[in-house]
Amino acid sequence: MSIPRWAWVPFGVALALLAVPILGLLVRAPWTRLPELLTSERALDALGLSLATCVVSTLLVLIIGTPTALVLARSTGRWTGWVRTLVTVPMVLPPVVAGLALLTTLGRRGLLGQHLSVVGIEIGFTTAAVVVAQTFVALPFLVVSLEGAIRTAGGDYERAAAHLGASPTRTFLTVTMPVLAPAVASGTALAFARALGEFGATLTFAGSLQGVTRTLPLEIYLLRETDTDLALALAVVLLAVAAVIVGLSQRLRGSHG
């Protein structure tokens, strides 16, 4: 199919808009000092905390998001539309609003948090709060992408397995999951990338305590004026990880298609 000549103009503008700022970041990055900067205490604390919390939150997203996508894809009724909307809202919600919602619910004086505090459970402004915030914003990315994949795949294989006597759980584990493996991997990669880049909800709900709640994006934000070189070095790390994850996600999505 031929492409109209005029389409190349907005294509070029879009490409420049996306590529030039990234190029500017890469040009300004202190490449010669990168090993020194990335081995500093602040950098290692932020990197370690981000990776640890993102791994935990991504596992939570995978554990609760996969069945959620299955239920939404295989169920009918008006309630599914409401639930689908609820699942999608965090994708478009301003991160600071998401953090405020978590704080007013799970904070020390929150709707549920005040009762948890009575028994000695504190979530707000702890490492657990970072995991909760990341899970909250990343969960929709897996559910939405996986639900679409389940609908596209259809239910022929599941119906055949059920006809042969397989239980719903066995069908899910031995038939549905192998078919959807590329989609699950792609959605998980996107969820991990979203969790890694989370900023607003984390800052509002978890605060910024070095080694406890100060993740990579928060550290970059704080360093942007006091230590520009370290901020740029950490930004390069985030950019590299994001590029690898998105590239992997696209490759997996392509193999699924």
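Each value in this text was obtained by applying a stated rule to the coordinates, not by laboratory testing. Note that this is a predicted model, so its numbers are computed, not measured. FYI the Cβ positions are ideal-geometry reconstructions off the backbone, even for glycines, and counts take in every protein chain you see.
Worth pointing out:
- Approximating the spin labels as points 7 Å out from Cα along Cα→Cβ, the LEU209-to-ARG74 distance works out to 4.2 nm.
- The distance separating the Cα centre of segment 66-99 from that of segment 163-204 comes to 15 Å.
- Normalised by the number of residues in the chain, the average gap of Cα pairs under 8 Å and 6 or more apart makes the relative contact order 30 percent.
- Under the Karplus curve 6.51 cos²θ - 1.76 cosθ + 1.60, θ = phi - 60°, whole-Hz ³J(HN,Hα) for segment 98-106, x wherever Gly or Pro sits: 4, x, 5, 4, 5, 5, 6, 9, 10
- Theoretical ellipticity at 222 nm over the chain - DSSP helices of four or more residues, -39500 (n - 2.57) apiece, nearest 500: -25500 deg cm²/dmol
- For segment 34-131, the set of GluC sites (Glu not before Pro) satisfying both a DSSP loop assignment and a count of at most 15 other C-beta atoms within 10 Å is given as GLU122.
- Relative protection proxy for 15-26, 224-235, from highest mean packing down: 224-235, 15-26 (other beta-carbon atoms within 10 angstrom).
- Global size of segment 147-257 as Cα Rg and Dmax, reported in angstrom: 20.3, 66
- Projecting the Cα atoms of THR213, PRO30, SER167 onto the dipole axis of the chain, where Lys and Arg carry +1 and Asp and Glu carry -1 at the beta carbon, places SER167 farthest toward the positive end.
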